1. Within region B:36-53, restricting attention to residues that are more than 12 Å from chain A (Cβ to nearest Cβ) and in a loop (DSSP other than H, G, I, E, B), which residue is farthest from residue B:137 (Cα to Cα)?
2. Need the failing condition index for residue B:186 against (1) loosely packed, with under 15 Cβ neighbours inside 10 Å; (2) farther than 29 Å from residue B:127 by Cβ, just the number.
3. Give the residues of region B:54-66 that are among the small types (Gly, Ala, Ser) and either touching a helix residue (DSSP H, G or I) at 6+ places or on another chain (Cβ under 6 Å) or facing chain A (nearest Cβ under 8 Å) (or both), sorted by residue number.
4. Determine which member of the set A:69, A:116 is buried (at least 20 other Cβ atoms within 10 Å of the Cβ), more than 8 Å from every other protein chain (Cβ to nearest Cβ) and closer than 28 Å to residue A:20 by Cα.
5. Taking the stated definitions as given, is residue B:164 assigned to a loop (DSSP other than H, G, I, E, B) and crowded, with 24+ Cβ neighbours inside 10 Å?
6. So residue A:107 fits all but one of (1) in contact with a helix residue (DSSP H, G or I) (Cβ under 9 Å, 6 or more places away or on another chain); (2) farther than 30 Å from residue A:196 by Cα; what number is the exception?
7. Tell me whether region A:144-154 contains one or more residues that are within 14 Å of another protein chain (Cβ to nearest Cβ) and out of contact with any Phe, Trp or Tyr (no Cβ under 8 Å at 6 or more places or on another chain).
8. Sort out which residues of region B:48-66 are under 20 Å from residue B:155 (Cβ atoms) and crowded, with 23+ Cβ neighbours inside 10 Å, and write them in order of number.
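The values are calculated or read from the model by the stated rules, or taken from the named source; none is laboratory data. In this text the structure is predicted, and so the values were computed from the model without any measurement. Cβ placement follows ideal geometry from the backbone for every residue including glycine, while neighbour counts extend to all protein chains displayed.
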There are 2 protein chains.
Amino acid sequence: MRIVVLAGGIGGARFLRGLKAAAPDADITVIGNTGDDIHLFGLKVCPDLDTVMYTLGGGINEEQGWGRTDETFQVKDELKAYGVGPDWFGLGDRDFATHIVRTQMLGAGYPLSAVTEALCERWQPGVRLLPMSDDRVETHVAVELDGERRAVHFQEYWVRLRASVDALAVVPVGAEQSKPAPGVLEALAEADVVLFPPSNPVVSIGTVLAVPGIREAIAEAGVPVVGLSPIVGGAPVRGMADKMLSAIGVETTAAAVAEHYGSGLLDGWLVDSADTEAVAEVEAAGIRCRAVPLMMTDLDATAAMAREALALAEEVRA
Amino acid sequence: MRIVVLAGGIGGARFLRGLKAAAPDADITVIGNTGDDIHLFGLKVCPDLDTVMYTLGGGINEEQGWGRTDETFQVKDELKAYGVGPDWFGLGDRDFATHIVRTQMLGAGYPLSAVTEALCERWQPGVRLLPMSDDRVETHVAVELDGERRAVHFQEYWVRLRASVDALAVVPVGAEQSKPAPGVLEALAEADVVLFPPSNPVVSIGTVLAVPGIREAIAEAGVPVVGLSPIVGGAPVRGMADKMLSAIGVETTAAAVAEHYGSGLLDGWLVDSADTEAVAEVEAAGIRCRAVPLMMTDLDATAAMAREALALAEEVRA
């Protein structure tokens with residue numbers, strides 16, 4: 001079975017771990033969000049791709065969900081001693097090595113997709129990890145700070161400001177001009193199932209879908225497209241998806257997110273058992289819906305979620 | 001008193017520490033060798049400039065004479081795990097931060113001289129540290145390896161091969177087209193004394209002198225030029241200067257190095273007390289010479305050497 005998964009960072013990575021356990025023989029391709037990529041200290045940092053790679057490759061800091069295990073911060077301390085910023089982005093020494101290798105390869109002319117493949121040769125994530133695009137796409141968030149409206153990089157909004165102010169708009173700068181990375185459209189054309197993990201619907205999956213051609217390729221694949229709600233009981237399970245949903249005028253409910261994707265894109269939707277009342281609303285919108293436990297508390301629970309998603313896909317197909 | 005010092009790495013840096021102690025009120029400008037600069041992992045590394053900066057700024061690893069104190073090697077280990085080389089150049093995590101800042105600034109368009117000044121704002125070396133040139137000059141060494149003659153980067157010869165094979169030629173690639181960095185010619189024009197520390201006469205001081213205009217500016221300054229022999233008792237005090245001297249056909253003796261610089265450039269020369277017999281030979285070549293202890297065993301001994309050099313300069317001037 002060929003499964004294509006659109007993934008952001010922590011939520012997507014953890015779901016993928018469950019999916020691998022649930023479908024060990026499946027051929028899994030991950031289309032990773034690169035809208036939150038950022039240039040720091042002259043280095044290209046791809047937080048979502050790295051979170052997937054480290055999580056599936058056994059190098060992740062399990063507690064925080066991002067960054068490397070057994071990490072140290074000598075480089076960061078030194079940069080601070082040089083007065084070179086920003087200091088709000090927590091790059092560790094081990095993590096720096098990844099960005100150094102990536103930046104060197106990009107500088108040598110390799111596209112991000114080839115670089116990602118090379119990095120994955122070490123990590124052996126057990127999935128084919130593709131950036132959504134080799135072109136630069138950068139998610140900006142419009143905010144009002146000190147009475148003035150301005151746009152900040154998504155990471156600045158998320159990490160520095162900790163989403164403490166309202167997001168007025170979310171713009172994937174460069175998306176319109178971007179092309180899907182090599183392999184992306186092919187993987188979708190050959191997919192048996194497409195899954196949306198419980199990732200941020202706006203800045204993770206939404207950004208992947210903003211690359212022209214990807215949304216159309218999913219629709220044209222003619223296979224079941226099933227998503228898992230990142231909203232449980234009217235709040236994001238983790239992160240600050242509610243801020244992002246408000247920015248695009250979508251309510252923070254499991255049903256509203258499904259309707260935002262829409263029946264033109266989505267065939268099936270899993271909501272948490274706590275949101276059973278949402279099932280009827282989602283089905284009324286033309287999307288098959290089931291309520292199951294959606295908390296990724298451990299690998300077993302996550303694998304069960306993945307099995308439910310695959311079961312719903314088969315139900316849709318039948 | 002305005003003193004200009006041409007410096008390589010460890011020998012130059014340690015001598016400068018003695019000079020600062022010997023002449024605390026002097027205005028010292030250092031023209032640093034950049035011929036051993038190397039690009040590693042896409043980062044610009046300037047070993048000699050950094051050794052001077054770290055040594056005078058209190059950040060040097062005293063035992064090895066280069067690199068940072070309390071160093072760790074997480075980035076290096078990770079690069080190795082990625083299979084990205086070379087692994088023979090020992091960059092530590094703290095050191096990496098310097099190269100990251102430098103590379104970022106160079107990428108932003110600042111010349112190396114401005115970058116060096118910015119880095120020195122943190123280290124406060126107590127001297128004005130100038131790269132010999134903002135242009136790329138790279139010292140290559142011709143060697144015979146496996147029966148074939150080839151040119152390797154100086155660092156590859158020095159660090160990877162540990163000078164284990166003969167150097168057939170030493171070429172400062174790019175030197176002919178290079179220009180002295182801003183401030184270099186001005187410092188020489190305003191100097192009261194010019195000193196050559198016991199640095200490598202070929203790949204350190206020789207490379208600085210290979211930048212068109214520097215040798216002429218020293219001659220035109222019309223001030224005493226005094227050097228200290230890096231050769232004691234027919235062998236280099238440290239490093240592998242003998243290999244480099246052989247490559248340019250100069251004997252490994254204190255007198256031969258003085259004669260290699262020549263009386264057109266050098267006014268005074270200090271040899272070690274062990275080389276008293278060299279004094280007459282050097283003086284016969286038209287260079288005033290004294291035999292004094294030249295082992296930089298501690299700060300006092302090094303300051304005494306610097307005082308001897310300044311005294312010899314005054315003798316020359318009188």
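1. Top of the filtered list is B:46.
2. Going through the list (1) loosely packed, with under 15 Cβ neighbours inside 10 Å; (2) farther than 29 Å from residue B:127 by Cβ, residue B:186 breaks only (2).
3. Within region B:54-66, B:57, B:65 qualify.
4. Within the list A:69, A:116, the selection yields A:116.
5. no
6. It is condition (1) that residue A:107 fails.
7. no
8. B:48, B:49, B:50, B:51, B:52, B:53, B:54, B:55, B:60 - these are the residues of region B:48-66 that are under 20 Å from residue B:155 (Cβ atoms) and crowded, with 23+ Cβ neighbours inside 10 Å.
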